[in-house]
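What follows is a set of notes on a single structure, which appears directly below.
Laboratory data are not the source of any read-out in this text; all were calculated from the coordinates shown. Just so we're clear, the structure is a prediction, and the values are computed from it rather than from any experiment.
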Amino acid sequence: MKSRILEIFYTAIRLENQSLAHPIDLAAGEKTALYGHGGALDSMSLVSIVVEVEALLEQQLDVRLTLVNDSAMSAVRSPFATVGSFANYISKRCAEVEHG
């Protein structure tokens, strides 16, 4: 499941890269910094990627999620910090929906 989520996530990043002055370099894979300290995204770009990921999850996996919530935004370690942390967060949320 995580590989499918990463594939969806990378698709969303590639789409966002088309509109960024400084595209996200994914060479570091899951360690790629996204948001916060050292991250390439501002809040608008983060929202754009989140919306795209939510749409792709619904289209490709038939999973409806809202990825931005109070818990995510107030977490000590942002789930949006790196590609890996974001993918893990999405996996966790998908599991909650499946078992919820």
By how many degrees, between 0 and 90 and to the nearest 10, does the Cα long axis of helix 83-99 differ from the longest principal axis of the chain? 10 degrees
For Rg and Dmax of the Cα atoms in Å, which listed value, (1) 13.7, 43; (2) 12.6, 40; (3) 14.0, 47, comes from the coordinates shown? (2)
